[in-house]
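S.K.: Please find one structure pasted underneath; my questions will follow.
None of the figures in this text is laboratory data; all of them are computed from the coordinates on show. It should be emphasised that the depicted structure is a prediction, and the values quoted were computed from it without experimental measurement. For neighbour counting, all protein chains shown are included, and Cβ atoms are generated from backbone atoms with ideal geometry for every residue, glycine included.
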Amino acid sequence: MRKAIRSPILALALVIALTGSAVATASSGFHPTIVSRATLSTSVHYNTGAVKFQTKGPVDFVTATLTIDPSGSSGWHHHPGVVLVSVTSGSIVEYDSSCVGTVHTAGTPSAAFTESGNEPGLVRNESTTTPETAYVTYLVPAGTTALRIDDANPGCPQN
């Protein structure tokens, strides 16, 4: 009798565990290349002028270059830490989980933006002819290997 109960419960647990990856949206034409990774092993707290920066333990700084092909997309995702983005050429649109897009264009004050938290977001190059490039710095707990966590589309028309 116990085996009969355990099997359906195990099956249900596996379905629930695998559902997240089955409905996650994949990236397309999205090419990050890690150029450096270093660990800040001590906690820091700075409050200098308009900048406040604090860590609560060891963190990794991971710097990457990013190219997004024309019509390319990051897919819906979130990050295990904080991400600092600087668009260096072209324009990208950053969508939040409410389907609201913000345009970030190289050479303008909107070229820099951040990502953080558990809410899914998506970054797209909406140009059909021009690739977009950016520098990206991830600030994540030391030893983190997955710099992004794939999410399901929250119901937005963007993919």
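S.K.: In debye, nearest 20: dipole of the stretch 25-150 around its Cα centre with unit charges on the Cβ of K, R (+) and D, E (-)? Each step should come with its number before you reach the end.
M.R.: Values: 5 positive and 9 negative charges, 80 e Å.
That gives a dipole near 380 debye.
S.K.: With bins 5 Å wide starting at 0, give me the P(r) of the chain over every alpha carbon pair, in whole percents.
M.R.: 2, 8, 14, 18, 17, 14, 10, 6, 4, 3, 2, 1, 0, 0
S.K.: Just to confirm the number: angle between the C-alpha axis of helix 2-23 and the first principal axis of the chain, 0 to 90 degrees, nearest 10?
M.R.: It is inclined by approximately 20 degrees.
S.K.: Can you give the local net charge around His31? Use residues other than it whose beta-carbon is closer than 11 angstrom to its beta-carbon, Lys and Arg +1, Asp and Glu -1. Walk me through the numbers before you get to the answer.
M.R.: Numbers: positive: none; negative: Asp69, Glu132.
So the surrounding residues net to -2.
S.K.: So, counting K/R as plus one and D/E as minus one, what does the shell of residues with Cβ under 14 Å around Ala111 add up to?
M.R.: Working: positive: none; negative: Glu94, Glu132.
So the surrounding residues net to -2.
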